[in-house]
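Chemist: Attaching a single structure in structure tokens format; questions to follow.
The values are calculated or read from the model by the stated rules, or taken from the named source; none is laboratory data. Owing to the predicted nature of the structure, the values given are computational and were not obtained by experimental measurement. For neighbour counting, all protein chains shown are included, and Cβ atoms are generated from backbone atoms with ideal geometry for every residue, glycine included. Please note that ligands, DNA and RNA were not included when accessible areas were found on the heavy atoms of the full protein model with its side chains. Shrake-Rupley method; radii C 1.70, N 1.55, O 1.52, S 1.80 Å.
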Amino acid sequence: MTTTVDDPEQGVPLPDGPEEFSGLLPVPLPDLKSDLTRFLMVYKFGIDEMMTKINILRDEFTYARDYNPIEHVKSRLKSPESILAKAQRKGAPQTLEGIREHVRDIAGIRITCSFRSDVYRIMDMITRQGDVNVIEIEDYITQPKPNGYRSVHVIVEIPVFMSDRVESVYVELQIRTVAMDFWASLEHKIYYKHDRAVPDELREELRVAAETARDLDVKMEALHGRVHGAPER
């Protein structure tokens, strides 16, 4: 389990190209960047809170159950530069509150599971906890993106208890299988190498590879079920 800044392999669809931002910045950019550095501390704590929840589940599965559906967990915190760039692309007010409401993936955690059913199982275990407020769920497994990308994205809001106040923090969870994660990592490397100008034939091969990964997920889960039976709920 590692925490990184601006992990280059986030595995989400790559952001749109830079867009021209028309509008006055209410706070000079250097001042806003300085404020963001302090602002990010709360998001780091938000990651810590969510990682504690996930680690508790992992330990319970490891020591009290016969099967642990969580293979890997990785977290990342966006840099101030990346946050400001995304806020401008989205046309968000260049204020801390504007950034908070429009850039909800500042804190991100990726959970890689063994099988497709595990993705929904883990999502349910996390989102039904009393202090986790579900803001948005995007199910790209049921409805894959046109390029073949599959994953479940969940935006949650959780409380972070500071010494003198309680802060609500958005955290993006990406939950996917090992096969989905492998495909997303490779797709990102290809797009990065080609500076997003990926030839059409390569795009089609990636889409077909995504279908192959889906079929592999289905087959391996069926084999696992034949050998071990349905996982304990």
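Chemist: So, by mean Cβ neighbours within 10 angstrom, what's the order for 213-220, 75-82 with the highest one leading?
Modeler: 75-82, 213-220
Chemist: State, to one decimal in nm, how far the label point of S79 lies from the label point of V166, with both points 7 Å from Cα in the Cβ direction.
Modeler: Output for this residue pair reads 3.5 nm.
Chemist: Which distance in Å, rounded to a whole number, links the C-alpha centroids of region 61-95 and region 162-180?
Modeler: Measuring centre to centre over Cα atoms gives 6 Å.
Chemist: Per residue, what accessible area does region 88-233 have, given a 1.4 Å probe and all protein chains present, in Å²?
Modeler: Here the per-residue accessible area is 52 Å².
Chemist: Enumerate the calculated ³J(HN,Hα) couplings along region 207-221 in order (Karplus 6.51 cos²θ - 1.76 cosθ + 1.60, θ = phi - 60°), each rounded to whole Hz, writing x wherever the residue is Gly or Pro.
Modeler: Once θ is set to phi - 60°, the couplings for region 207-221 become 5, 5, 5, 5, 5, 4, 4, 4, 4, 5, 4, 5, 5, 5, 5 Hz.
Chemist: Also, quick follow-up: Just to verify a number: FRET efficiency for T212 and K189, C-beta to C-beta distance, R0 = 25 Å, to 0.05?
Modeler: 0.90
Chemist: A further question on this structure: Tally the DSSP beta bridges in region 98-233 and give the antiparallel ones as a percent, rounded to 5. Write down the numbers at each step before the final one.
Modeler: Working: 16 of 23 bridges.
Among the beta bridges of region 98-233, antiparallel pairing accounts for roughly 70 percent.
Chemist: Can you send over the carbon and sulfur percentage of the accessible area for region 118-169, probe radius 1.4 Å, protein chains only?
Modeler: 47 percent
Chemist: Would you work out what percent of the accessible area of region 37-76, with all protein chains in place, is carbon or sulfur (probe 1.4 Å)? All intermediate terms of the calculation are to be shown ahead of the outcome.
Modeler: Working: 1120 of 2120 Å².
Whole-percent figure for carbon plus sulfur exposure: 53.
Chemist: Please report the orientation-averaged projected area of region 101-233, defined via the convex hull of its C-alpha atoms, in nm².
Modeler: Over all viewing directions, region 101-233 projects a mean Cα-hull area of 10.5 nm².
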